[in-house]
Amino acid sequence: MAEDLLSLFQSIGLSEVKAKETAKNVAVSATLSTLIIEAKSKVVGELDKAVGSLLYHLATRFKGQPDRTSILVDYVCARKISSEQQLTAAFEFMKSNPVGKLDLTAFEQSCGVGVVVTQGDIDREAKGVIKAHEEELKERRYTYPVGVLIGEVRDRLKWADGKLVKEAVERERLALLGEKTAADEQKPAPKQAAAPKKEPAPQVDREVEEKPQLSGEALGFHNPGENYKTDGYVITPKTMDLIKEHLRQTGGKVVTRFPPEPNGILHIGHAKAINFNFGYAKSNNICTSCSKFGSIFPYVLVFI
């Protein structure tokens, strides 16, 4: 059985090492096996590495309903979705439309189905970006971050092949600056930081408190009513109706709760909970943070 799995995974282009690593994960290997068998039933001949790579991403990253998964397999096999960025966009659309009949027109628009980006399109935009940064490039030469240039071309051509964009930008940069010189190969000397000037402390209005900014894991929190967008969320036919009713009753407010332990001591875990609960409430400005001080004290509501 293990040998059959390895053979199946390697048939879509996975290396032997990657195939063995995947086979160790029971959930992923079961999902990937199902997708490969389904895909082979839709394609004449063997699956090539490009399709295999997208099937692997689908098996490891998509947590949607089985019917949505089958739609994605259809699009991958038909080469209507042929890049990782298209597949990622398709995931996002599916997350936002987890149940009900899928609007295929809107879906295809969201992930660039039918959009053809030619080499000529890429070359033209690469030239435009290099031209826009010509003075800075001549001044800084190869110390100018090429990622900025590539990013601008990708912004203009969302569905362009990333490898072709990189090659086009580097080709145009070379045409402008010529080959690297010995001076280009030298690392620039670190700049001496100027001594900071002491300035008087700004006057703080105690009546106005700055709104805190979320960071770290808190940035990934979903908005009220978007629970279904989180990985692993189980969706039933009644899910969307229940969420709508929940939002109607709560008005979109989020209630967070931090229960202290009067018989224990505060530790780093409490600090994280305090930061998430009260910080999230304050930063959103619509939430209520609720604390309970022991079993004999009533709840204390803190409105932010």
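The values are calculated or read from the model by the stated rules, or taken from the named source; none is laboratory data. Nothing here was measured: the structure is a model prediction, and the numbers come from that model. Here the Cβ positions follow ideal geometry from the backbone for every residue, glycine too, while neighbour counts run over all protein chains shown. In case anyone asks, the SASA skips ligands and DNA or RNA and just uses the protein heavy atoms, side chains included. Shrake-Rupley method; radii C 1.70, N 1.55, O 1.52, S 1.80 Å.
Which pairs do you get when a residue that is among the hydroxyl-bearing types (Ser, Thr, Tyr), found in the range 144-156, comes within reach of a residue that is open to solvent by less than 60 Å² (accessible area, probe 1.4 Å) and assigned to a helix (DSSP H, G or I), reach meaning Cβ atoms under 8 angstrom, with the pair 6+ apart or on two chains? Filtered contacts from the range 144-156: Tyr144/Leu137. For the range 227-254, filtering for residues that are among the polar types (S, T, N, Q) and surrounded by 14 or more Cβ atoms within 10 Å (Cβ to Cβ) leaves 2. For the range 101-153, the set of residues classified as at negative phi and assigned to a loop (DSSP other than H, G, I, E, B) consists of Lys101, Leu102, Asp103, Cys111, Val113, Val115, Val116, Val117, Thr118, His133, Tyr144, Pro145, listed by residue number.
For the range 255-294, a residue qualifies if it is farther than 15 Å from Pro224 by Cα, in a loop (DSSP other than H, G, I, E, B), modelled with pLDDT under 65 and open to solvent by 40 Å² or more (accessible area, probe 1.4 Å), and the qualifying residues are Glu261, Pro262, Asn263, Phe293.
For the range 91-141, residues that are basic (Lys, Arg) and buried (at least 17 other Cβ atoms within 10 Å of the Cβ) total 2.
Does Thr236 satisfy the criteria of being under 30 Å from Val255 (Cβ atoms) and either touching a Cys at 6+ places or on another chain (Cβ under 7 Å) or at pLDDT 75 or above (or both)? Spelling it out, Thr236 is indeed under 30 Å from Val255 (Cβ atoms) and either touching a Cys at 6+ places or on another chain (Cβ under 7 Å) or at pLDDT 75 or above (or both).
Checking each residue in the range 87-114 for being in contact with a Phe, Trp or Tyr (Cβ under 6 Å, 6 or more places away or on another chain) and of a type in the set (Gly, Ala, Ser) picks out Ser110, Gly112. Residues in the range 179-211 that are in a loop (DSSP other than H, G, I, E, B), modelled with pLDDT of 85 or more and exposed (fewer than 10 other Cβ atoms within 10 Å of the Cβ): Glu179 only.
Of all residues in the range 37-67, how many are in contact with a Phe, Trp or Tyr (Cβ under 8 Å, 6 or more places away or on another chain) and in a helix (DSSP H, G or I)? Result for the range 37-67: 1. Here Ser82 clears all of (1) polar (S, T, N, Q); (2) in a helix (DSSP H, G or I); (3) surrounded by 14 or more Cβ atoms within 10 Å (Cβ to Cβ) except the condition numbered (2). Could you tell me whether Val165 is under 23 Å from the mean Cα position of the chain (by Cα) and open to solvent by less than 80 Å² (accessible area, probe 1.4 Å)? Yes, satisfied. Taking the range 1-26 as the range and being assigned to a helix (DSSP H, G or I), hydrophobic (A, V, I, L, M, F, W, C) and open to solvent by less than 70 Å² (accessible area, probe 1.4 Å) as the test, the residues that pass are Ala2, Leu5, Leu6, Leu8, Phe9, Ala19, Ala23.
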